[in-house]
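**Student:** Below you will find the structure I want to go over with you.
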Ligand code: TYM
């Protein structure tokens, strides 16, 4: 019983409501990759389905965070959600640490997940690097907490960038094993990742083989949500490219990582496909494509940065939104944890 790794292919007997959850770490400035890979999808989904968007401060502290900055960083991510167009009346926006059910379910899942499953997680290997022995235990069990974030709402869909794919597979494995071990078929859903479109993997502007990331030491590698128009345009002008003009078709774009990335960014910002971008710009050099991309990026990102700055000038309003979101989140999450505890066999009193 204890070693049954239920395969992710187990058909889901889940029949509960469709729900969406996602989260972003308050561990530094947000960039275009976070915006295109996650935030734009949040905005689209909030009109379709019940949505929970948390600021994952419990995840952030798996590496050192200065306590004097963490609260402000949490408010900043909330401001980014709002500036990108998440409506707090439609979606619950809240800090993860304000809903205790996340941590409580994570402990139970720590006892469901197998060491072998976590040993395969590539993000831990990347983040711990040569310093595995000095990494926090939390960094190792990070994906288990992520599974708890998702399943404590019985979320059926999770919008994320491609780098989270492995964590979503683990979430399905944990759900399947829990349902199986505790003879509760369909108790947790087998959550679907939403990883689609040209914005799912935005690469560095300086290296088409590296992901755009907050931890890249070069600020020119990324466009930050708070960059002003001049900075955005300058970073695109300086973006690494090759000397060839853009091709007419997608096949020829393959193997040209930097060109492919800029075409993907254009497509994601304009809400069109990469093929449509090539239909328009194929045959043209970067001398004309880069200014067009810079204009588009400034038109889309500029107002978001301005809205963020305005929102961050009123932290009391952000706190009001976070408190309201946390209350709504607890209403859904607390009963799920109570039911889970009952299935595990914990003493049912209070
Ligand atoms: P985080 O904070 O690193 O990133 C937030 C979101 O941005 C996406 N993303 C990207 N998308 C495209 N291109 C990129 N270069 C790029 N960089 C980042 C990420 O995929 C993510 O969707 N583990 C998560 C946070 C988390 C979470 C969750 C997400 C905790 N619990 C539950 C979903 C559901 C993380 O570190 O994201």
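Per-residue answers, yes or no, for (1) more than 28 Å from residue 76 (Cα to Cα); (2) in a loop (DSSP other than H, G, I, E, B); (3) touching a strand residue (DSSP E or B) at 6+ places or on another chain (Cβ under 6 Å):
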{"position": "213", "(1), (2), (3)": "no, yes, no"}
{"position": "216", "(1), (2), (3)": "no, yes, no"}
{"position": "234", "(1), (2), (3)": "no, no, no"}
{"position": "243", "(1), (2), (3)": "yes, yes, no"}
{"position": "247", "(1), (2), (3)": "yes, yes, no"}
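**Student:** Any residue at all in segment 135-143 that's within 12 Å of the ligand (Cβ to nearest atom), part of a helix (DSSP H, G or I) and buried (at least 22 other Cβ atoms within 10 Å of the Cβ)?
**Tutor:** Yes - at least one qualifying residue is present in segment 135-143.
**Student:** Still on this structure: Can you tell me which of 300, 332 is under 22 Å from the mean Cα position of the chain (by Cα), under 21 Å from residue 203 (Cβ atoms) and in a helix (DSSP H, G or I)?
**Tutor:** Exactly one residue qualifies, and that residue is 300.
**Student:** Right, something else. If I ask for residues that are within 13 Å of the ligand (Cβ to nearest atom), out of contact with any strand residue (DSSP E or B) (no Cβ under 8 Å at 6 or more places or on another chain) and not in a helix (DSSP H, G or I), which ones from segment 150-194 would you list?
**Tutor:** 152, 161
**Student:** Only one of (1) closer than 21 Å to residue 139 by Cα; (2) within 11 Å of the ligand (Cβ to nearest atom) fails for residue 37. Which number is that?
**Tutor:** Of the numbered conditions (1) closer than 21 Å to residue 139 by Cα; (2) within 11 Å of the ligand (Cβ to nearest atom), the odd one out for residue 37 is (1).
Yes/no per residue for (1) surrounded by fewer than 16 Cβ atoms within 10 Å (Cβ to Cβ); (2) within 29 Å of residue 19 (Cα to Cα); (3) outside the structural domain of residue 21 (by TED's automatic domain parsing):
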| residue | (1), (2), (3) |
| --- | --- |
| 239 | no, no, yes |
| 244 | yes, no, yes |
| 256 | no, no, yes |
| 259 | no, no, yes |
| 267 | no, yes, yes |
| 275 | yes, no, yes |
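**Student:** Determine whether segment 289-301 contains at least one residue that is closer than 19 Å to residue 98 by Cβ and buried (at least 17 other Cβ atoms within 10 Å of the Cβ).
**Tutor:** no
**Student:** To continue, here is another question. Which residues, counting only those in segment 64-83, are farther than 21 Å from residue 21 by Cβ and either within 16 Å of the chain's Cα centre (by Cα) or modelled with pLDDT of 95 or more (or both)?
**Tutor:** Once the filter is applied, which keeps residues that are farther than 21 Å from residue 21 by Cβ and either within 16 Å of the chain's Cα centre (by Cα) or modelled with pLDDT of 95 or more (or both), segment 64-83 yields 64, 65, 66, 67, 69, 70, 71, 72.
**Student:** Oh, and also: Out of the residues in segment 40-63 meeting the condition of being within 11 Å of the ligand (Cβ to nearest atom) and under 12 Å from residue 20 (Cβ atoms), tell me which one is surrounded by the most Cβ atoms within 10 Å (Cβ to Cβ).
**Tutor:** 54
The values are calculated or read from the model by the stated rules, or taken from the named source; none is laboratory data. Every value quoted in this text rests on a predicted model; they were computed, and no experiment measured them. Because the Cβ atoms are built from the backbone with ideal geometry, glycine has one as well, and the counts that use them run over all protein chains shown.
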